[in-house]
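To start, the structure itself, in structure tokens.
The values are calculated or read from the model by the stated rules, or taken from the named source; none is laboratory data. Because the structure is a prediction, the values reported are computed rather than measured. Positions of Cβ are backbone-derived with ideal geometry, glycine not excepted, and every protein chain shown enters the neighbour counts.
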């Protein structure tokens, strides 16, 4: 069952449905890291490479951007869509780079997923040069009406006591990085200085069918599909389309709060 945690099976949907919306927070993340023109940038948990692409556009010719992810399928989709972006398979707990290689390191909505975020941060800082910046972000919103309705639909087919522990294992630190104080504390404990954490809100607009399809790419959806199988998942999706069409406007407006954090390596 652990295979459901991987994004491999949803890479195409993620790229088509979510990446156009996630370009704005990815751009903001790279701008916060402030890589110098012609500098070197590492994008940890790059997925299909949206933040890496934003970094490449910012640093210009003569620079180097590398995206790292452990999902082979996400990297394959990214290489097809963004052939200029350099990517490789790897994990943040064992980055294949020398100390001080990069002028900036970014991690786009990934920090909460690590079993040991402290180890991941240590390796990100190891490959960052002194004076370089680390920029990371995390979802900071609570349960809104869209999320509540979706969870209630899932609970009709998967018991809550089964679903919630699985999601907690997949995203063990989502509550920690949902709060400004603990986010700031984490980066300072890692050794960063001049730490700044700010909250931003983004407006994501989806056609209703795309929104429902996109639900399958997040942790709850991936777990539900693995539990229900293709037929059960199709039934859940159809119920979701019907219920969302009754309760929400089409297109769907999804307001999401994000914490954006940046710090400098001494």
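Failed condition for residue 84, given (1) under 18 Å from the mean Cα position of the chain (by Cα); (2) in a loop (DSSP other than H, G, I, E, B), with all others met?
Of (1) under 18 Å from the mean Cα position of the chain (by Cα); (2) in a loop (DSSP other than H, G, I, E, B), only one is false for residue 84: (1).
Have a look at 72, 93 and point out the one that is at pLDDT 95 or above and either more than 14 Å from residue 15 (Cα to Cα) or in contact with a strand residue (DSSP E or B) (Cβ under 9 Å, 6 or more places away or on another chain) (or both).
Being at pLDDT 95 or above and either more than 14 Å from residue 15 (Cα to Cα) or in contact with a strand residue (DSSP E or B) (Cβ under 9 Å, 6 or more places away or on another chain) (or both) holds for just one of 72, 93, which is 72.
Might you let me know whether segment 199-215 holds any residue that is touching a strand residue (DSSP E or B) at 6+ places or on another chain (Cβ under 9 Å) and farther than 25 Å from residue 51 by Cα?
yes
Quickly run through segment 5-18 and pick out the residues that are out of contact with any strand residue (DSSP E or B) (no Cβ under 9 Å at 6 or more places or on another chain) and part of a helix (DSSP H, G or I).
Hits for segment 5-18 are 5, 8, 9, 10, 11, 12, 13, 14, 15, 16.
Okay, residues lined up against (1) over 26 Å from residue 3 (Cα atoms); (2) part of a loop (DSSP other than H, G, I, E, B); (3) touching a helix residue (DSSP H, G or I) at 6+ places or on another chain (Cβ under 9 Å):
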| residue | (1), (2), (3) |
| --- | --- |
| 37 | yes, yes, yes |
| 41 | yes, no, yes |
| 73 | no, no, yes |
| 77 | no, no, yes |
| 97 | yes, yes, yes |
| 100 | yes, yes, yes |
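Looking at (1) part of a helix (DSSP H, G or I); (2) touching a residue at least 24 places away in the same chain (Cβ under 8 Å); (3) under 23 Å from residue 9 (Cβ atoms), can you tell me which one residue 234 breaks?
(2)
Among the residues of segment 117-160, count how many are out of contact with any strand residue (DSSP E or B) (no Cβ under 7 Å at 6 or more places or on another chain), modelled with pLDDT under 95 and either surrounded by 15 or more Cβ atoms within 10 Å (Cβ to Cβ) or more than 30 Å from residue 253 (Cα to Cα) (or both).
0
Consider segment 237-266. How many of its residues are part of a helix (DSSP H, G or I) and surrounded by 18 or more Cβ atoms within 10 Å (Cβ to Cβ)? Before you say what the answer is, go through the steps one by one.
So the first thing to find is which residues in segment 237-266 are part of a helix (DSSP H, G or I), and the list is 237-247.
Those left that are additionally surrounded by 18 or more Cβ atoms within 10 Å (Cβ to Cβ): 237, 240, 244.
Adding up the residues that qualify gives 3.
Looking only at segment 176-194, how many residues end up being in contact with a helix residue (DSSP H, G or I) (Cβ under 7 Å, 6 or more places away or on another chain) and either modelled with pLDDT under 95 or surrounded by fewer than 18 Cβ atoms within 10 Å (Cβ to Cβ) (or both)?
Here the count works out to 3.
Considering only residues that are buried (at least 22 other Cβ atoms within 10 Å of the Cβ) and in contact (Cβ under 8 Å) with a residue 60 or more places away in the chain, look in segment 78-109 and name the one that is farthest from residue 39 (Cα to Cα).
78
Could you please let me know if residue 21 is in contact with a strand residue (DSSP E or B) (Cβ under 6 Å, 6 or more places away or on another chain) and assigned to a helix (DSSP H, G or I)?
yes
Being modelled with pLDDT of 95 or more, in contact with a helix residue (DSSP H, G or I) (Cβ under 9 Å, 6 or more places away or on another chain), crowded, with 24+ Cβ neighbours inside 10 Å and within 26 Å of residue 203 (Cβ to Cβ) narrows it down to one residue among 11, 51; which is it?
Numbers: 11 fails: crowded, with 24+ Cβ neighbours inside 10 Å.
Answer to the check: 51.
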